[in-house]
Amino acid sequence: MTQKAQGPYEDAKNQLKKAQEILGFSDADYDLLAIPRRERSVAIPVKRDDGTREVLHGYRVQHNLSRGPAKGGIRFAKQVDIDEVRALAMWMSWKCALLSLPYGGAKGGVRIDPSQYSQAELERVTRRFTAEILPIIGPEKDVPAPDVGTNEQTMAWLMDTYSQSVGYTVPGACTGKPVELGGSLGRAESTSLGVFLMVKAALQKLGVNIEGATATVQGFGKVGRGAAKFMEQAGIKVVAISDVYGAIRNDEGIDVKALGEHVDATGKVVDFPGASAMDPEDVLMLDVDVVVPAAIEGVIREDNAKNIKAPIIVEAANGPTTSDADEILNKEGKLIVPDILANSGGVLVSYYEWVQSRDNFFWDIERVQNEQSRRMLAAWEEVDEYATEKDVTLRVAATALAVDRVLHAHKLRGLYP
Ligand code: NAD
């Protein structure tokens, strides 16, 4: 028996196959959409603070460029490899098309455990990686942003390295920058706000009261922390939260602000005085209304999908559900708000940041958040209606809508030469 191919890129291609079944495009078009347009694999030699040297691996993949410059984050994490970056780049193409943004999709990554490096070392890694991918990035070509293990500071270094190379300041070279350097108000919490809007929409769809609903969150980073905060503010009880080190539980609801202060001080959710320890594997398995995976891909798998009790899964992370798990959950009638919709608030406000950076005209927070809500809720309605009309899941509907737009752009432009 041949081994079944596995991993996020296989999951992404399986989703594309499902879109092909609905849209009925040719196998040649499938290949066009499945194979990234451009990939750059680089070595990143770095000097450590103790004077020793080592070489890291980095990647930038531009999956599709038919609708505009490529757009997508840069990840610093231990497990980064080319297939992970390919999958994440493909999901970016669909996400941008689903939100009707004038972008293609890209992603970058460096295989590194950032917790083991000093700030000075991370600056050297960022600058050298940026220099290695410099020929293919830029405001008209490919616009990076933060992702797992990177942040506003990483983007400030990237923007500076890019700007030094061309001789003038280019704020549009990346998004997710500090506000002082042309970042957008509301960008830092935009992914989390969008996740919360989708949690609310899903609860309303199933007729569950928002006030008093219960939720759990896996991952307490840039996305998970904000999502937990917005849910708590709306009266949703967040009863369990995990990070890479462990998990905590309080059935009365975790005080998210106090937990944030604890994490700022200690770096971990464990040992938070306002909750008890629990097995991190069980965070997504509790009997609550909503579970929010907000860490990494592949955490809901064939072997644990059956244990999920919540009727709603809102995918804050990219690719948290494998294809096998997706089938199991769909058979059980779970409502899954797919990643390309649920976490699209980040790239949406990145788009607003790019527009503001290029215009040198900056919006107030109300305008940013109103524009975000309006556009994300319209996307939710569109996906929900399409799913009902075609009798498919929200994931299949969202992917098909997005893929159709990318393919249409490609057909309008025609094939070169
Ligand atoms: P982050 O690095 O800020 O936080 C990641 C969090 O997940 C940390 O709390 C970490 O401890 C935890 N974590 C890592 N591995 C874990 C594991 N195995 N189990 C439990 N927790 C684990 O990253 P982020 O920016 O919050 O990104 C989280 C997810 O959201 C990723 O899938 C990312 O691609 C996606 N995403 C992020 C953005 C954004 O704007 N930052 C936008 C769209 C999607």
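The values are calculated or read from the model by the stated rules, or taken from the named source; none is laboratory data. Keep in mind that this is a model prediction, so the values were computed, not measured. Glycine gets a Cβ as well: all are built from the backbone with ideal geometry, and neighbour counts include every protein chain shown. All accessible areas refer to the heavy atoms of the entire protein, side chains included, with ligands and DNA or RNA removed. Shrake-Rupley method; radii C 1.70, N 1.55, O 1.52, S 1.80 Å.
A few comments on the model shown:
- Residues with amide H under 5 Å from that of LEU56, placed H, sequence gap 5 or more: ILE44, VAL46
- Convex hull per residue volume in Å³, alpha carbons only, for the chain: 155 Å³
- Probe 1.4 Å, all protein chains present, accessible-area order of SER118, SER350, largest first: SER118, SER350
- Net charge contributed by nearby residues that have their C-beta within less than 12 Å of VAL208 (K/R +1, D/E -1): 0
- Amide H to amide H, with H built 1.01 Å from N, ILE74 comes under 5 Å of GLY108, ALA145, ASP147, counting only residues 5 or more places away or on other chains.
- For region 40-183, the fraction of C-alpha pairs more than 25 angstrom apart is 22%.
- Against the criterion of solvent-accessible heavy-atom surface with a 1.4 angstrom probe, LYS47, LYS268 sort, most first, into LYS47, LYS268.
- Each of ASN307, THR216, TYR386 was scored by the projection of its Cα onto the charge dipole of region 184-416, and the greatest displacement toward the positive side belongs to TYR386; charges sit on the C-beta of Lys, Arg, Asp and Glu.
- Average 1/r across all pairs of distinct alpha carbons in region 243-366, invert it, and you get the Kirkwood radius: 16.6 Å.
- Taking Cα centre as origin and charging only the Cβ of basic (Lys, Arg, +1) and acidic (Asp, Glu, -1) residues, the dipole magnitude of the chain rounds to 1240 debye.
- For MET278, the residues whose modelled amide H falls within less than 5 Å of its own, excluding neighbours fewer than 5 places apart on the same chain, are ALA247, ILE248, ARG249.
- Positive-end residue of ALA77, ASN151, LEU65, charge dipole of region 40-183 with Cβ unit charges: LEU65
- Region 184-416: antiparallel DSSP beta bridges as a percent of all, rounded to 5: 30 percent
- Taking a sphere under 10 Å around the Cβ of GLY246 and counting the other residues whose Cβ falls inside, with K and R at +1 and D and E at -1, yields a net charge of -2.
- Region 207-215 - phi-based ³J(HN,Hα) in whole Hz, Karplus 6.51/-1.76/1.60, Gly and Pro as x: x, 9, 4, 5, 4, x, 5, 10, 8
- Order of exposure, largest accessible area first, which applies to MET231, MET278 with probe 1.4 Å: MET278, MET231
- The Kirkwood hydrodynamic radius of region 184-416, based on inverse pair distances between different Cα atoms, is 18.3 Å.
- Of the GluC sites (Glu not before Pro) found in region 129-198, the ones in coil according to DSSP and having at most 15 other Cβ atoms within 10 Å of their Cβ are GLU140.
- Note that region 46-61 has calculated 3J(HN,Hα) couplings of 10, 9, 7, 4, 7, x, 6, 10, 8, 10, 9, 9, x, 9, 9, 10 Hz, one per residue in order, obtained from phi through the Karplus relation 6.51 cos²θ - 1.76 cosθ + 1.60 (θ = phi - 60°); glycine and proline are x.
- Local net charge near ILE136, Cβ-Cβ under 14 Å (Lys/Arg +1, Asp/Glu -1): +3
- Inter-part distance where region 241-280 and region 306-351 are each reduced to a Cα centre, Å: 23 Å
- Legend: helices of the chain (whole DSSP H runs) are marked when their alpha-carbon atoms reach 20 angstrom or more along the helix axis and their mean Kyte-Doolittle hydropathy is at least 0.5; marked are 82-98, 190-205.
- The chain - share of DSSP beta bridges that are antiparallel (%, nearest 5): 50 percent
- 3J(HN,Hα) from dihedral phi, region 245-254, Karplus parametrisation 6.51/-1.76/1.60, rounded to Hz, x for glycine, proline: 9, x, 8, 9, 9, 8, 5, 7, x, 7
- Label-zone membership for region 134-164, site GLN119, 7 angstrom Cα→C-beta point, backbone N under 13 Å: 152-154, 157
- Expressed to the nearest 5 percent, the antiparallel share of DSSP beta bridges inside region 168-263 is 45 percent.
- Of the GluC sites (Glu not before Pro) in region 209-263, the ones in a loop by DSSP (not H, G, I, E or B) with at most 14 other beta carbons within 10 Å are GLU211, GLU252.
- The solvent-accessible area of SER165, taken with every protein chain present and a 1.4 Å probe, is close to 60 Å².
- Packing-based order for 353-360, 313-320, using average beta carbon neighbours within 10 Å, highest first: 313-320, 353-360
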